Amino acid sequence: MSAKETSLRYKVAGHAFEFIHGEDFPCGGRLLAPYLPFADDGSDECIFRLRIVRAPLPPTGRLIRRCNDEAPYLWIYEDISAAEEKCFGHSLSPDEPMSILRCDGDEALLTIAPACGNSAAAMAVNNSAMLLYTWKTGGKATLLLHASATVRRGRAYLFLGRSGTGKSTHSRMWMENLEGCELLNDDNPVLRIEDGAPIVYGSPWSGKTPCWKNERAVLGGIVRIVRAPHNKAVRLSSLESFASLVSSCSSIIWDRKWKNEQEDCVEKVVSLCPGWNMECLPDAEAAEVCSKAVEGI
């Protein structure tokens, strides 16, 4: 690391990682505020190091696909070297990437175009960190989820569902109508099996909700939110619970070994904790019906 570079180290759910950036990148202040609660000065080995630079974007291999139907977009490219290098792009526009992420082993380089604004730069850093975190925790009994996590009476409840189905709304119904509830994370909590128990952690990645808590709680229930004209909690079978949870996990689609390890972890989680479908309205009764079901186990 050069004298003009800054190293910032964090730990999320027990996994340490590092950002390295130069003077030309405004990494301080609001941009990295979500990471401050996770600052770490320990000596644990980092699962990845992400070097961040502002520079003209480097060449890439052939575009394989552009993922997502709306922003943010992920661009996946062919390797351009004989090494085990992976190449991705990030953007808020479907026209072209505004940053390029190259991954080679435990080292990664994120190049952000000089014209990229702060919002797009923050998106590039966050999405790169989440991708690397997901990839490098493979085989470590760790899942990065798309979910809203609410804690009550010392247990964490995960509300799953596609964007727009009401995960955040259901969390809010719990907090507004049930005593002793608090939000742990509203978009990307981490679920990890430790000493045979499933533990939910907060993370720096909480979507539009500024909820960046370096806290943890034992998993109490996994609930998929389903819009309906009524409020009804339906207990899922083990297979249904598996399908519900695995569909809400961040995935590394190009690595079959990693995918097998993820599925083993999901299978272990659903053997330890029940899954539910919550057919519901966005109202107080939904929170009451759901809590009575999942907390009654």
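The values are calculated or read from the model by the stated rules, or taken from the named source; none is laboratory data. The structure presented is a predicted model; accordingly, all values stated were derived computationally and were not measured. Counting neighbours? That spans all protein chains shown, and the Cβs are built from the backbone with ideal geometry, glycine included. Side chains are part of the model used for accessible areas, which takes the heavy atoms of the whole protein and leaves out ligands, DNA and RNA. Shrake-Rupley method; radii C 1.70, N 1.55, O 1.52, S 1.80 Å.
Points to keep in mind about this one:
- Complete set of residues in the range 43-73 that are of a type in the set (A, V, I, L, M) and under 24 Å from the mean Cα position of the chain (by Cα): ILE47, LEU50, ILE52, VAL53, ILE64, ALA71
- Consider the range 244-260 and keep the residues that are part of a helix (DSSP H, G or I) and within 17 Å of the chain's Cα centre (by Cα). The one that is surrounded by the fewest Cβ atoms within 10 Å (Cβ to Cβ) is LYS259.
- Cross-chain or 6+ apart pairs with Cβ under 9 Å, the range 252-274 first and free of Cβ contacts under 8 Å to residues at least 24 places away in the same chain and closer than 25 Å to CYS87 by Cα, then open to solvent by less than 70 Å² (accessible area, probe 1.4 Å) and in a helix (DSSP H, G or I): ILE253/LYS259; GLU263/PHE242; GLU263/VAL246
- Of the criteria (1) of a type in the set (A, V, I, L, M, F, W, C); (2) in a strand (DSSP E or B); (3) open to solvent by less than 40 Å² (accessible area, probe 1.4 Å), which one ALA122 fails: (2)
- Residue match in the range 219-232 (condition: surrounded by fewer than 17 Cβ atoms within 10 Å (Cβ to Cβ) and part of a helix (DSSP H, G or I)): no
- So SER206, is it under 19 Å from the mean Cα position of the chain (by Cα), under 20 Å from ARG153 (Cα atoms) and of a type in the set (Gly, Ala, Ser): no
- Number of positions in the range 128-146 that are touching a Pro at 6+ places or on another chain (Cβ under 6 Å) and over 19 Å from LYS11 (Cβ atoms): 0
- Single condition ARG224 does not satisfy, out of (1) free of Cβ contacts under 8 Å to residues at least 40 places away in the same chain; (2) among the charged types (D, E, K, R); (3) closer than 21 Å to ASN188 by Cβ; (4) in contact with a helix residue (DSSP H, G or I) (Cβ under 7 Å, 6 or more places away or on another chain): (1)
- Among the residues of the range 101-112, some residue qualifies, meaning at least one is more than 19 Å from the chain's Cα centre (by Cα), basic (Lys, Arg) and within 20 Å of ARG49 (Cα to Cα).
- Selection status of SER128, in contact with a strand residue (DSSP E or B) (Cβ under 6 Å, 6 or more places away or on another chain), buried (at least 17 other Cβ atoms within 10 Å of the Cβ) and without any contact (Cβ under 8 Å) to a residue 24 or more places away in the chain: no
- Output for the range 178-191, where each listed residue is surrounded by 23 or more Cβ atoms within 10 Å (Cβ to Cβ), in contact with a Ser or Thr (Cβ under 7 Å, 6 or more places away or on another chain) and part of a strand (DSSP E or B): LEU184, ASN185, VAL190
- Of everything listed in (1) open to solvent by 10 Å² or more (accessible area, probe 1.4 Å); (2) part of a strand (DSSP E or B); (3) without any contact (Cβ under 8 Å) to a residue 60 or more places away in the chain, the single unmet condition for VAL200 is (1).
- Taking the range 48-119 and the strands (runs of 3 or more DSSP E) fully enclosed by it, the elements with 1 or more residues that are open to solvent by 80 Å² or more (accessible area, probe 1.4 Å) are at 63-67, 107-112.
- Members of the range 132-177 that are open to solvent by 20 Å² or more (accessible area, probe 1.4 Å) and among the hydrophobic types (A, V, I, L, M, F, W, C): TRP135, ALA141, VAL151, MET175
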